Amino acid sequence: MKVTVGISAHHVHLTKEDLEILFGEGYELTVNRNINQPGQFASNEFVTIRTPKSEIAHIRILGPVRSYTQVELSKTDYIKLGLDAPMRESGDIENSAKVTIIGPKGMIEREAGIIATRHIHVPIEDAEKLGLAGYDYVSVKVPGPKGGIMYHVSLRIAPNSYYEMHIDTDDANAFQIKNGAELEIYKDIQE
């Protein structure tokens, strides 16, 4: 069984309240381009993430606004920032890394920094047809000269999702994976 890869660069999700603190009252995100997950988009807006050690500018905001603010960076980014961020599923930000987010009109400090888990979005209507219903995790085989097995790839089975695997830039670089590559899913290979 194959799945297409989408490489997820570092990005931020914001609540409406935090967006207005950073960009001004009544501000709304503007669409740069739609992404594969239905209703989601890469915005034209960017922020800077700062810690006492360093900062990373030009971090894109993904829309639409969410019910939580979250900063998704790679392990490499967090090393630069001097933080030990936890690896988590999206939305699990309790006791995550504390960062300062800076926009053109303001700044906020939030416990919002995570390293996103490797995951596969699976439309609920396809989960059984693909043989993935009832599984929380799978392994994915990567071919090529730097290939190997990615263990602990979580499944996000939900309605109205686009069947696609998401990895961060650290995983993509380590395995030399390009956006759009097709990888093979294994349900029975576990670490």
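If I take R0 = 25 Å and measure r between the Cβ atoms of GLU109 and ILE79 in this structure, what FRET efficiency does the formula 1/(1 + (r/R0)^6) give, to the nearest 0.05?
0.80
Subtract the Cα-Cα distance of SER67 and ASP188 from 0.36 nm times their separation in residues, and report this length gain in nm to one decimal.
In short, 40.0 nm is gained.
Most exposed first by the Cβ proxy, i.e. fewest other Cβ within 10 Å, how do ILE189, ILE120 rank?
ILE189, ILE120
If you take the alpha carbon radius of gyration of the range 89-191 and divide it by 2.2 N^0.38 Å, what ratio comes out, to two decimals?
1.28
For the range 41-82, which trypsin sites (Lys or Arg not before Pro) are both in a DSSP coil and crowded by at most 13 other Cβ atoms within 10 Å?
The qualifying sites are LYS53.
Kindly provide the GluC sites (Glu not before Pro) of the range 1-90 that DSSP labels as loop, not H, G, I, E or B, and whose Cβ sees at most 10 other Cβ atoms within 10 Å.
Loop-located and lightly packed - GLU25.
If a/c stays under 1.5 just call it rounded; otherwise compare a/b with b/c (prolate if a/b is bigger, oblate if not). Do that for the range 27-120, with a ≥ b ≥ c from the square roots of the Cα gyration tensor eigenvalues.
Here the range 27-120 falls in the oblate category.
For the range 150-163, take each phi angle, set θ = phi - 60°, evaluate the Karplus expression 6.51 cos²θ - 1.76 cosθ + 1.60, and give the result in whole Hz per residue in order, putting x for glycine and proline.
9, 8, 6, 8, 7, 9, 10, 8, 7, x, 6, 10, 9, 5
If contacts are Cα pairs under 8 angstrom and at least 6 residues apart, what is the relative contact order of the range 75-120 in percent?
Relative contact order comes out at 38 percent.
So what is the calculated 222 nm ellipticity per residue for the chain, using -39500 (n - 2.57) for each DSSP H run with n of 4 or more, over all residues, to the nearest 500 deg cm²/dmol?
-3500 deg cm²/dmol
Using alpha-carbon positions, what is the distance between the centroids of the range 18-53 and the range 64-137, in Å?
The two parts, judged by their Cα centres, are 15 Å apart.
Spin-label point model (7 Å from Cα, Cβ direction): what's the GLU128 to VAL31 distance in nm?
Label-label distance for GLU128 and VAL31, simple model: 3.3 nm.
Convert each backbone phi in the range 71-85 into a coupling constant with the Karplus relation 6.51 cos²θ - 1.76 cosθ + 1.60 (shift: θ = phi - 60°), then list the ³J(HN,Hα) values in order as whole Hz, x for Gly and Pro.
Going residue by residue, I get 10, 9, 10, 7, 4, 4, 4, 5, 4, 4, 7, x, 10, 10, 7 Hz, with x marking Gly and Pro.
Does the chain come out rounded, prolate or oblate by the C-alpha gyration tensor, with a ≥ b ≥ c the root eigenvalues, rounded set by a/c under 1.5 and, if not, prolate when a/b is larger than b/c and oblate if not?
Since a/c reaches 1.5 and a/b is larger than b/c, the shape of the chain is classed as prolate.
The numbers here are math on the coordinates, done by the rules we state, and not lab data. What you see is a predicted model; the values in this text were computed from it and never measured. Neighbour counts run over all protein chains shown; Cβ positions are idealised from the backbone, glycine included.
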